[in-house]
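The values are calculated or read from the model by the stated rules, or taken from the named source; none is laboratory data. Being a predicted model, the structure only gives us computed values, none of them experimental. Note: ideal-geometry Cβ built from the backbone for every residue, glycine included; neighbour counts use all protein chains shown.
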Amino acid sequence: MRPPAQYLIAALLALPLAAMAAVPAPTPDFQSQHLAIGLAPTRTAFAWFAVDSLGQGKFAQNPVLAAASATAVPGLELKDRSTYLLNGKPVWRVTFEDKGLTLRSNYVAGAEAPPFTLTFNQRANHATLLGLMPPGERRMNLPCLLHLPDMGTLRITSRTPGLTLDYDARRWKKMPAALAVHPSHVNEVPAPFAPPFVHVAFPAATAAQGSVEYQFEVVSIHPQLPGIERDARYDGFRRDWLNIFQVHARLQMLANNVSSDPCSFTLFKYADLAVHTPPLAEGLTALDLVRMTLDRYLAGALGYGQIGYGCSESEADVCPWPTPHTSLDTLPSLLLAACHYIDGARDLKWGHANYEKLAAWGREMFAADKDGNGLVEYPGSGNYSDRPKRLRRPSNWWDTINFGHEDALANALVFGAAVRFAEIARKLQHPEDAAFFFDRAAKLRAAYVPTLLNPATGVIAGWKSADGQLHDYWFTFVQGVAITHGLLDAPLANAVMDRALAKMKEVGYTRFELGLPGNLIPVRKGDYVHENSPPQITGEPKLDDGSDGFQYYENGGATGCWSYFTIKALFNLGRRDDARRILHPMLDAYARGEFQGFDPGGGRSRDWRTWAGKGTGYEGLLVDNYHALLAVLDDIKASQ
């Protein structure tokens with residue numbers, strides 16, 4: 001049987017352009033301060049679906065994909081804006097409440113009801129289901145959450161045991177050129193791709209299961225911190241805490257977003273927030289999502305950053321990693337995530353069951369120290385002008401910058417992972433492994449500052465290349481990660497942050513509502529792997545100093561990604577005013593939904609910006625942007 005999302009695509013492709021243009025604009029059939037819901041008149045589907053978890057009645061947009069509910073089901077009609085009749089017999093009923101709704105389906109012989117569907121346009125909102133999925137199946141177990149980033153969350157449960165929801169999402173589905181310019185999507189969808197969608201289907205009652213019911217309850221899930229409920233500064237924190245969690249419908253693991261790549265080198269960030277997240281539903285936690293993803297990796301699944309990822313045919317829309325090396329930050333990320341899970345969930349049983357594979361990740365991580373100096377090395381040289389180009393990627397998350405050889409970011413993560421895993425090894429009664437990882441961490445720390453501190457600038461360089469040169473572009477995240485993970489003693493850490501903040505002031509960066517630039521001076525052409533230049537520049541940047549591509553994407557673009565570590569480092573050093581000078585404008589921007597979506601008129605996405613605020617991204621929603629919300633915990637603690 002074809003998954004329901006394939007029916008959606010078939011409907012989109014079969015619907016004439018004139019018919020799509022003629023679809024009347026839907027209106028809500030029900031509205032409260034928490035919900036705005038509309039039903040399709042001739043199809044068992046939501047035509048309007050918006051939520052405000054904070055109960056402020058903010059429904060600026062309807063993210064439902066209009067074309068998904070445009071075609072009629074023969075014999076179906078909507079009565080009293082609540083009951084669907086099929087051939088005159090009631091098959092679905094929708095009941096609304098202030099903070100929720102209920103879907104009920106009853107089986108009627110001779111009138112087998114279709115599923116009830118909900119389809120979002122990802123260009124409007126990267127909605128996601130958050131719950132557990134069977135491996136290899138596009139089915140979501142109940143209970144689960146339906147989360148709409150920057151809008152709100154609904155918990156979905158059922159009294160009917162054993163129900164699962166059909167769940168799918170695509171970002172690059174090809175479609176005829178005529179549909180690509182449908183009036184409702186012009187300037188939103190790059191031809192020749194269909195509107196990127198997220199699709200959920202609620203199975204109807206059957207002869208074997210005569211009645212089914214689904215309950216939706218509006219919830220606001222975030223750490224309960226004193227003083228934030230009545231402080232508008234933290235509205236974005238309360239709405240967006242779950243934004244970092246997006247379960248990929250086709251790969252059944254946490255990813256950049258619901259239809260983008262799972263990146264093995266970011267899993268530790270999800271785990272950072274999962275540890276502090278209240279239960280999502282009865283028997284379901286955010287740490288369960290981390291465990292589900294770890295289980296996929298332990299079973300052999302690959303993520304972006306790992307050798308072979310995306311290099312064979314896949315049902316998912318992925319960007320391949322054709323590099324013959326796994327990125328240097330992948331294994332520490334996976335190991336950190338596993339440590340967070342074991343400690344946070346207190347699941348020593350899972351730790352024991354997977355210990356050998358986890359320890360093997362740790363040993364492989366340190367096997368990259370080829371010269372024995374304590375630092376791990378990437379096979380890519382990192383030498384100036386030895387740029388990997390498209391067949392090889394650099395050594396870490398910042399995959400358009402020529403990080404290589406002795407990478408300051410990856411080594412800081414390796415240190416953090418080694419310290420955490422040594423503690424796990426001790427808890428799981430592997431004292432020899434605990435001693436091994438503590439010793440390797442100590443050796444790495446001893447080598448870190450002497451190797452990577454740039455005496456000319458007084459900050460940690462991004463990497464030391466194989467030819468012995470330091471590559472220092474005033475990377476903000478490098479200083480933050482190194483300090484946060486404890487690689488710099490307090491006097492040096494303060495001196496480094498003094499210089500970094502002074503440099504930020506010198507270059508004129510003040511737009512903290514946009515996040516932080518990854519680097520404060522242009523990355524020179526020989527150290528930039530892919531020339532992501534401003535749209536008005538064709539071909540590669542013309543200037544060797546990289547200034548004509550500066551502030552665009554990873555070459556100094558502003559983003560929430562990785563900004564957490566700078567803020568956290570400042571809080572750790574007791575510099576709360578400096579930390580809040582960055583964090584509080586970001587919180588205002590979170591409340592306005594500024595870290596996702598697209599610039600008007602078909603512009604690029606706002607997960608990356610120029611310092612003037614123009615979008616230079618492409619994901620639409622990149623979950624790394626929401627890691628910085630974790631700093632609110634330090635913010636509130638510093639006020640007590």
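What the table shows:
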quantity	calculated
Candidate set: the stretch 470-500, residues that are over 23 Å from F403 (Cα atoms) and among the hydrophobic types (A, V, I, L, M, F, W, C); chosen: the one surrounded by the most Cβ atoms within 10 Å (Cβ to Cβ)	L492
Residue in the stretch 593-632 that is surrounded by the fewest Cβ atoms within 10 Å (Cβ to Cβ), counting only those that are in contact (Cβ under 8 Å) with a residue 24 or more places away in the chain and of a type in the set (F, W, Y)	W611
Set G300, G310: member being farther than 16 Å from L145 by Cβ and either touching a residue at least 24 places away in the same chain (Cβ under 8 Å) or of a type in the set (K, R) (or both)	G310
Among the residues listed as L17, L76, L65, the single one being in contact with a Leu (Cβ under 6 Å, 6 or more places away or on another chain), at pLDDT below 95 and aliphatic (A, V, I, L, M)	L76
Qualifying position, being outside any loop (DSSP other than H, G, I, E, B) and touching a residue at least 12 places away in the same chain (Cβ under 8 Å), among G416, G404, G374, G380	G416
Residues of the stretch 454-478 that turn out to be in a helix (DSSP H, G or I) and touching a Phe, Trp or Tyr at 6+ places or on another chain (Cβ under 6 Å), as a count	1
T71 over 26 Å from the mean Cα position of the chain (by Cα), farther than 24 Å from D150 by Cα and at pLDDT 95 or above	no
Members of the stretch 554-579 found to be in contact (Cβ under 8 Å) with a residue 24 or more places away in the chain and surrounded by fewer than 22 Cβ atoms within 10 Å (Cβ to Cβ), listed by number	F571, N572, L573, R575, R576, D578
Residue, nearest to L294 (Cα to Cα), within the stretch 218-268, restricted to residues that are in a loop (DSSP other than H, G, I, E, B) and among the acidic types (D, E)	D261
Residue among A40, A36, A10 that alone is assigned by TED's automatic domain parsing to the domain that holds H126, modelled with pLDDT of 80 or more and within 20 Å of Y167 (Cα to Cα)	A40
Breaking point among (1) surrounded by 20 or more Cβ atoms within 10 Å (Cβ to Cβ); (2) touching a strand residue (DSSP E or B) at 6+ places or on another chain (Cβ under 8 Å), for M365	(2)
Lone unmet requirement of (1) in a loop (DSSP other than H, G, I, E, B); (2) under 26 Å from the mean Cα position of the chain (by Cα) for V481	(1)
Test: T128 is in contact with a strand residue (DSSP E or B) (Cβ under 9 Å, 6 or more places away or on another chain) and more than 28 Å from C319 (Cα to Cα)	no
Subset tally (residues that are of a type in the set (F, W, Y) and within 16 Å of P134 (Cα to Cα)) for the stretch 286-320	1
Verdict on L621 being assigned to a loop (DSSP other than H, G, I, E, B), under 17 Å from R239 (Cβ atoms) and of a type in the set (A, V, I, L, M)	yes
The stretch 292-343 - residue that is among the β-branched types (V, I, T) and under 18 Å from the mean Cα position of the chain (by Cα) and, of those, surrounded by the most Cβ atoms within 10 Å (Cβ to Cβ)	T330
Hey, A271 part of a helix (DSSP H, G or I), hydrophobic (A, V, I, L, M, F, W, C) and either touching a His at 6+ places or on another chain (Cβ under 6 Å) or assigned by TED's automatic domain parsing to the domain that holds V198 (or both) or not	yes
Residue in the stretch 599-613 that is in contact with a helix residue (DSSP H, G or I) (Cβ under 8 Å, 6 or more places away or on another chain) and of a type in the set (V, I, T) present	no
Near pairs, Cβ below 6 angstrom, 6+ apart or cross-chain, from the stretch 112-139 (under 17 Å from L254 (Cα atoms) and assigned by TED's automatic domain parsing to the domain that holds L163) to any residue that is assigned to a loop (DSSP other than H, G, I, E, B) and of a type in the set (V, I, T)	H126/V258; T128/V258
Inter-residue pairs, beta-carbon under 9 Å, first under 18 Å from L284 (Cα atoms) and not assigned by TED's automatic domain parsing to the domain that holds K427 and in the stretch 342-356, second hydroxyl-bearing (S, T, Y) and modelled with pLDDT of 95 or more, 6+ apart	none
Hey, T277 surrounded by fewer than 23 Cβ atoms within 10 Å (Cβ to Cβ), hydroxyl-bearing (S, T, Y), closer than 28 Å to A631 by Cα and modelled with pLDDT of 95 or more or not	yes
Odd one out for G515 among (1) buried (at least 23 other Cβ atoms within 10 Å of the Cβ); (2) closer than 19 Å to G462 by Cα; (3) in contact with a helix residue (DSSP H, G or I) (Cβ under 9 Å, 6 or more places away or on another chain)	(2)
Sole residue being touching a Gly at 6+ places or on another chain (Cβ under 7 Å) and farther than 20 Å from K525 by Cα, chosen from L453, L413, L444	L444
Qualifying residue in the stretch 196-219 (condition: of a type in the set (F, W, Y), surrounded by fewer than 23 Cβ atoms within 10 Å (Cβ to Cβ) and modelled with pLDDT under 95)	no
Residue count, the stretch 299-355 (criterion: closer than 23 Å to E137 by Cβ and charged (D, E, K, R))	3
Criterion (at pLDDT 95 or above and either surrounded by fewer than 19 Cβ atoms within 10 Å (Cβ to Cβ) or within 25 Å of I244 (Cα to Cα) (or both)) met by exactly one of A109, A50	A50
All positions within the stretch 102-135 that are in a strand (DSSP E or B) and touching an Asp or Glu at 6+ places or on another chain (Cβ under 9 Å)	T102, L103, R104, S105, T117, N121
